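Working notes, structure below.
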Amino acid sequence: MATDKELSDFLRSAEKRAFKRTTYAVRDDDAALDIVQDAMIRLAENYADRPMAELPLIFGRILSNATMDWFRRQKVRRAAVLNFSDLEAAGEDGDFDLLATLEAIDGSWASQGPADRLSREQTLALIDAEVAELPTRQREAFLLRYWEELDTAETAQVMGCSVGSVKTHCSRAVHALAKALAAKGLKP
Amino acid sequence: MNPMTRARRPDLDALQARFARRVAAGLSERSGALPHDIGERLRVAREQAVARARQTRLAQPAAARQLSVQSQGHLALGESPSLWQRFASVLPLMLLVLGLVLIQHLHEQAEIHAAAEVDAALLADDLPPEAYGDPGFVAFLKQPEP
């Protein structure tokens, strides 16, 4: 059972990511704060007796459900369903070399030093904007898998889909981000 | 997928994972600098959630204690509480058995009473002449008096 301090520490560690994840989905800071608060309360009321190790997965699921509830309440279900079911192909653009692009971006980031502070902030803003532009399912899979550091099975559980779908979404998200960042000039 | 791409696949997977983690690290870095008011609202939300969890935890043992006290409330009835409790639990069963015995007894009494009434009516009634033609009745008449 998680103690008050453990629960508080967990929420402190998760709250900013939760807020950003939700903001990407609903595009509204106030709504995102309400949803995160709602998710925190649901976690505290119903799952505070669970072991600490289970809380990230449970909280991820609650947050996703709370976000969906918000969409339902806002009566934009149609838009949400369209966004949440976008299994669109990422486009088999044969002339885009993902490996070369990733290698280039990798080299670019590795070479950044403290002197590149302004450039760094611009890069972070660019990343933020491009993540926000990802299709919802791709973004959810990417953030849960790499930002929340859930494994593929846990990500699938939170998203309510198969492990294979998670891998596909993640791969497409990486592809789209690499392409977009390269196009915006994040090059060696 | 051509053979060259297949050969480079492990590199690609590793690079994809490293790229994704760097993007995630960038997101963490950026979200660490959220506006003050948002940070404050998140802090308030967190504190409310922790307070709610505390209330829930406190409420559960209190409810359990209340239930326990209620179940032990019969202890005050006498010197031997377990005996009283057992008696109280057996009492409805005893009443049920007694009731069944009583019903059975009344039913038997009613049957006896009905049979007696039929016998009395037969004995009190006039003997029909046809009875003397009945071999069984004649045999009955020839029996010695007890």
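The values are calculated or read from the model by the stated rules, or taken from the named source; none is laboratory data. Nothing here was measured: the structure is a model prediction, and the numbers come from that model. For neighbour counting, all protein chains shown are included, and Cβ atoms are generated from backbone atoms with ideal geometry for every residue, glycine included.
What the table below lists for this structure:
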| read-out | value |
| --- | --- |
| Residue in segment A:90-104 that is within 19 Å of B:Arg22 (Cβ to Cβ) and at pLDDT below 65 present | no |
| Close pairs from segment A:129-158: first in contact (Cβ under 8 Å) with a residue 40 or more places away in the chain and not assigned by TED's automatic domain parsing to the domain that holds A:Ile58, partner assigned to a loop (DSSP other than H, G, I, E, B) and surrounded by fewer than 17 Cβ atoms within 10 Å (Cβ to Cβ), Cβ under 7 Å, at least 6 apart | A:Pro135/A:Asp86; A:Pro135/A:Glu88; A:Thr136/A:Asp86; A:Arg137/A:Asp86 |
| Test: residue in segment A:162-182 that is modelled with pLDDT of 90 or more and either of a type in the set (Asp, Glu) or outside any helix (DSSP H, G or I) (or both) | yes |
| Failed condition for A:Tyr146, given (1) modelled with pLDDT under 90; (2) within 11 Å of chain B (Cβ to nearest Cβ); (3) touching a Lys or Arg at 6+ places or on another chain (Cβ under 8 Å) | (1) |
| Residue in segment A:48-70 that is more than 19 Å from B:Leu34 (Cα to Cα) and either facing chain B (nearest Cβ under 10 Å) or modelled with pLDDT under 70 (or both) present | yes |
